[in-house]
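Written below as structure tokens is the structure these notes are about.
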Amino acid sequence: MTFSNKTQHIDKYVECLKREIQTLKDHKFHSVYFGGGTPSFIGEERIMEILAVLDLSETVEVSVEFHPNHIGNRVLKNLKSSGVSRISLGLQSVDELVVASLGRTPHTKSYEKLSYEIKEAEFKSWSVDLILGARSESDLAWRTNLERFLENPSPHVSGYLLTVENGTPLYLDKDRYPIEETLFKRYFDLDSVLTGLGYEWNEISNWSIPGHQCIHNENYWSQGNYIGVGAGAHSHLDGTRWSNTVSVEKYISHISERKSAKAREEVLDMNSRAFEKNWLLLRKPDGVPLDAFQKADLLASEGLIEVDSGTAILTVKGRVLSSLVSQYLI
Amino acid sequence: MQDFQVTDNVGQDRMRNFSIISHVDHGKSTLSDRILELTGAVDPRHMREQYLDSMDIERERGITIKAQNVRVKWKNYVLHLIDTPGHVDFGYEVSRSLAACEGVILLVDASQGIQAQTLANCYLAIDHDLEIVVALNKIDLPAADPIRCASEIEQVLGLSSTQILSISAKTGRGVPELLDAVIERIPAPKGDEKAPLQALIFDSYFDQYRGVISSVRVVNGELRSGSKLRFLQAKVTHDLEEVGVRTPDPVAVKKLGPGEVGYIIANVRDVGEARSGETVSNADNPALAALPGYRQPKPMVYCGIYPIDGDEFPDLREALLKLKLNDASVTYEPETSGALGFGFRCGFLGLLHMEIVRERLEREFNLSLIATSPSVEYSVTLKNGTVKVVDNPNDLPQSHEVDAIEEPLLKATIITPSTYTGVIMELCQSRRGELVKMEYLSPERVELIYKIPLAEVVVDFFDALKSRTKGYASLDYEPAGNQSASLVKVDVLINGVTVDAFSTIVHKAKAEDYGRKMTTKLKELIPRQLFDVPIQSAINGRIVSRETVKARRKDVIAKCYGGDISRKRKLLEKQKEGKKRMKSIGRVEVPQEAFIAALKLED
Ligand SMILES: Nc1nc2c(ncn2[C@@H]2O[C@H](COP(=O)(O)OP(=O)(O)OP(=O)(O)O)[C@@H](O)[C@H]2O)c(=O)[nH]1
Ligand SMILES: [Mg+2]
């Protein structure tokens, strides 16, 4: 499940979320995910309220994404007791300076303390988001920070290449834009270090110790069905993809009037669906049948894919350039 | 007196055939709109601006490309008007239309006065011995200065200012009086009804369902539905399936008599048989002589046109054949390129014409094409004395074999407010132009005549002229022989290999600069690939500039957050679509626009 991160109308909003969930009564969920900034904003008590209206009888994973500043012993305990099995920590970096240079709220706790608390709470699994390629992070600082992280590593790691998006503070400052070469290097580094420690790559930006994959995300990559609840949430059922209105106000008014909050819907045709399937598959170690590619030779000779008995799998270089490689999919 | 149908044959005395001609944008199509309204030809509910500009490209660009004819009823008369294009590249369209008329309305924008194509088109009408009715248009504009314009016309064209009408094609003011003047001054056609049929095809196009549809002007005799027609030049016979008139919707009639303009459908499938300029007669009693017809205009610029997908070559051939029917001024010959495969070397009347033809080919025939940089036609004298005509830079012989190269010249007429004389002279000088004559049309306006190499004009001269004179200067040109010049071929190497499609012939003094600009521009236009791509330019094998398109190192978009998969998939699909419009040159993917990079070099 996904939430948008508007702070207003929390009460009403949560009411509506619950109501929207009620409409899904017939569904049994294999996994549940509270994502984005919303969980941190609404707080663990509201999350527990929401979990209480869900039928979790067949659910194997309940993840909650949290900002470091909202993690604490009490919060973690409460979440654990209400069925949360996995914490995803939006850390970005163990280094305060790097966090500050990205224009994010400074952390109030050290990573050492955060990881200690999470481990103490004994969730089934947990994960840390790292950002790769900040301009303020020198090669040396990166190595030091990575080592610091690896002293208390999470069993699942997401490593995202820093992208500059319109509307973020970073966007306005060209001097802080990431340098491609660095992005490339950081990704290689992270991949080789994690692989050396027994992590496997699950998807372009995700690595885990076997058994710690994020089941919820795996479902996205395998073109599975899911239903998103809340403003701006995305859903997919058998080739139909839709999303809710992104406006919290509209969301609340639609749901209060017992109407659907759906704003957009797309029914994929066969071609789009096939392309989507291959494109998503390509992001994973399973790879894509070689004949789904145009110019596979070129991609192989450029070191972007590795071919193994009729299946093309992205190389590390190919992963960094996956969108480009995807364009060669038929 | 008015109880007749527009389709009725009212006899030649009550017919008037005329074209509307002017400089580009002076309001011909808008005047046609008012005439269609005033005469009730188009239901007001279906009226839209520039009604006769029916092609998508015309509506998008706001210019007329094809002449259109329509038959209307005004008072006791049947009028046949042809709305013509004004742009310099389409002068051939105008001259063909004039052959179907006894007179013209010459429109002059009263806020601008005489412009270059005002003169050029007016001279065409004089050459055809046509009666000229002059109307100052846009008098509703505050900037309109009809008195100054009238005196300019009197001085330059020698037409009496008392005869000049003032109208607003926008508001309709003065249009009825203009139509009255047409009836009064333009002579009625004087064909011989009893003579064997002679009808001139002045335009044709290919209709998917009905085959060739041709516009005709009957000069003598009668064109009867159901008769057998003899096409005198093509020497073929066809049954006349349908004869009709455009009102503007096509309406079938029983026959067309002398002086009438209409269309014929004669089951012609071979598009070569109904070319513009063909004379149609009756098979059982053919006329002895064909009408004068048209001179095939000589192309000004040439370029290679290639399908991006080599398998579409036969489709391209078919498309060119059909397009040529509707636009006889295009020439084409098969050619091959090392980089682009099989294609055609095509000739055009100018750069706009080239752009339009390429766009029409892509749209009307659903093709994806690459056009190479335009070139003019050079005459190369070899050391052994033989002369070779070169319209493709790659056919230029090795420099050690060449004795002399001649390039085509233009006589360019520029009309401008006198304040811009200085900047125009500078521009022309930088384009190797030579001032022939300078004349004041009025104290504020000057006509400059230059001899200037065609190659310097085709690329971006017009844009440069417009931007330097805030759009106030106008340009017309005509061929003016050849001159020998010191020219070299500049090659472009992509990833170390010369790509023939980029080679261009340039004046020696400008060659290095051109090479540098080309590599810079191509660096901009060629997207980053999986590996570094060097781009170089070379003159006679010597590298003069080099740039590198750096390899891509990462994706712009990486994560799919919260199950939002659609957005990223759409982005990818868009990128994939873009890739389809690229040509692989060796391992490098080159987008369509790159092949005409030469047109986009800034000074
Ligand atoms: N104010 C004003 N604008 C006019 C008048 N006549 C035409 N225009 C405008 O001038 C522009 C060009 O008009 P067109 O009728 O397309 O000109 P044209 O001569 O057919 O142009 P080409 O076919 O491209 O040579 C349009 O924006 C018209 O709206 C007029 O009498 N008054
Ligand atoms: Mg027009």
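Starting from region B:505-534, pick out the trypsin sites (Lys or Arg not before Pro) whose DSSP state is loop and whose Cβ has at most 16 other Cβ atoms within 10 Å.
Here the sparse-neighbourhood loop sites are B:Arg528.
If only Cα atoms are counted, what is the Rg of region B:475-526, and what is its Dmax, in Å?
Both quantities, over Cα of region B:475-526: 14.1, 42 Å.
Output the residues of region B:510-544 meeting this criterion: accessible area (heavy atoms, 1.4 Å probe) in the chain alone minus accessible area with all protein chains in place is 10 Å² or greater.
At a threshold of 10 Å² (probe 1.4 Å), the residues of region B:510-544 that become less exposed are B:Arg528, B:Leu530, B:Phe531.
Suppose all protein chains stay in the model; what accessible area per residue would a 1.4 Å probe give for region B:262-380, in Å²?
It amounts to 38 Å² per residue over region B:262-380.
About the Cα centre of region A:12-57, what is the dipole size in debye to 20, counting +1 per Lys and Arg Cβ and -1 per Asp and Glu Cβ, all else neutral?
Magnitude of the dipole: close to 120 debye.
Through the Karplus equation 6.51 cos²θ - 1.76 cosθ + 1.60, θ set to phi - 60°, convert the phi angles of region A:322-329 into ³J(HN,Hα) values in whole Hz; use x for Gly and Pro.
With coefficients 6.51, -1.76 and 1.60, one gets 4, 5, 5, 4, 4, 5, 8, 6 Hz.
From the convex hull of the Cα coordinates of chain B, what is the mean projected area in square nanometres?
In nm², the orientation-averaged hull projection of chain B is 32.1.
Putting +1 on Lys and Arg Cβ atoms and -1 on Asp and Glu Cβ atoms, find which of B:Ser111, B:Ile424, B:Pro44 reaches farthest to the positive end of the dipole of chain B.
Going by the Cα projections, it comes out as B:Ile424.
Note down the Stokes-Einstein diffusion coefficient of the protein assembly as shown in µm²/s, whole number, using a Kirkwood radius over alpha carbon pairs, 37 °C, and 0.692 mPa s. Don't jump to the answer; show the numbers that get you there.
Details: Rh = 33.4 Å.
So the translational diffusion coefficient is about 98 µm²/s.
Tell me the total accessible area that B and A bury against each other, 1.4 angstrom probe, in square angstrom rounded to 100.
Looking at B and A, the buried total is near 3400 Å².
Using the alpha-carbon atoms, what tilt in degrees (0 to 90, nearest 10) does helix B:146-157 show relative to the longest principal axis of chain B?
Around 80 degrees separate the two axes.
When N counts the residues of chain A, how does its alpha-carbon radius of gyration compare numerically with 2.2 N^0.38 Å, as a ratio?
1.03
Could you work out the longest stretch of chain A that avoids the GluC sites (Glu not before Pro) located in DSSP loops with at most 14 other Cβ atoms within 10 Å?
Working: sites that count: A:Glu58, A:Glu122, A:Glu165, A:Glu257.
With a cap of 14 other Cβ atoms within 10 Å, the longest stretch comes to A:166-256.
Which three numbers, in whole Å and largest first, are the semi-axes of the equivalent ellipsoid of region A:209-288 derived from its Cα gyration tensor as √(5λ)?
On the way: eigenvalues 165, 56, 13 Å².
So the equivalent ellipsoid measures 29, 17, 8 Å along its semi-axes.
Along the three principal axes, how long is region A:136-219 when you take its alpha carbons, biggest first, rounded to the nearest angstrom?
41, 32, 21
Ignoring ligands, DNA and RNA, what percent of the 1.4 Å accessible area of the protein assembly as shown is carbon and sulfur?
Carbon and sulfur atoms account for 50 percent of the accessible area of the protein assembly as shown.
Applying a 10 Å radius around every beta-carbon, put B:480-486, B:172-178 in order of their mean neighbour count, most first. Walk me through the numbers on the way to the answer.
On the way: B:480-486: 13.7, B:172-178: 17.6.
Order by mean packing, descending: B:172-178, B:480-486.
Among A:Ile131, A:Ile87, A:Ile50, which one shows the highest mean-square fluctuation when chain A is modelled as a Gaussian network with alpha-carbon springs under 10 Å?
A:Ile50
What are the residues of region A:239-253 that lose 10 Å² or more of accessible area, with a 1.4 Å probe, going from their chain alone to all protein chains?
A:Arg241
Report, to the nearest 10°, how far helix B:116-127 tilts away from the longest principal axis of the Cα atoms in chain B, using its own Cα long axis and a range of 0 to 90°.
Between helix and principal axis, roughly 50 degrees.
For A:Asp297, B:Asp239, give me the order by solvent-accessible area with a 1.4 Å probe, most accessible first, ignoring ligands, DNA and RNA. Kindly include the intermediate steps, with their values, before the conclusion.
Numbers: A:Asp297 125, B:Asp239 80 Å².
The residues order as A:Asp297, B:Asp239, largest area first.
The values are calculated or read from the model by the stated rules, or taken from the named source; none is laboratory data. Values in this document were obtained by computation on a predicted structure and should not be read as measured data. Because the Cβ atoms are built from the backbone with ideal geometry, glycine has one as well, and the counts that use them run over all protein chains shown. The accessibility values were calculated without ligands, DNA or RNA, using every heavy atom of the protein model including side chains. Shrake-Rupley method; radii C 1.70, N 1.55, O 1.52, S 1.80 Å.
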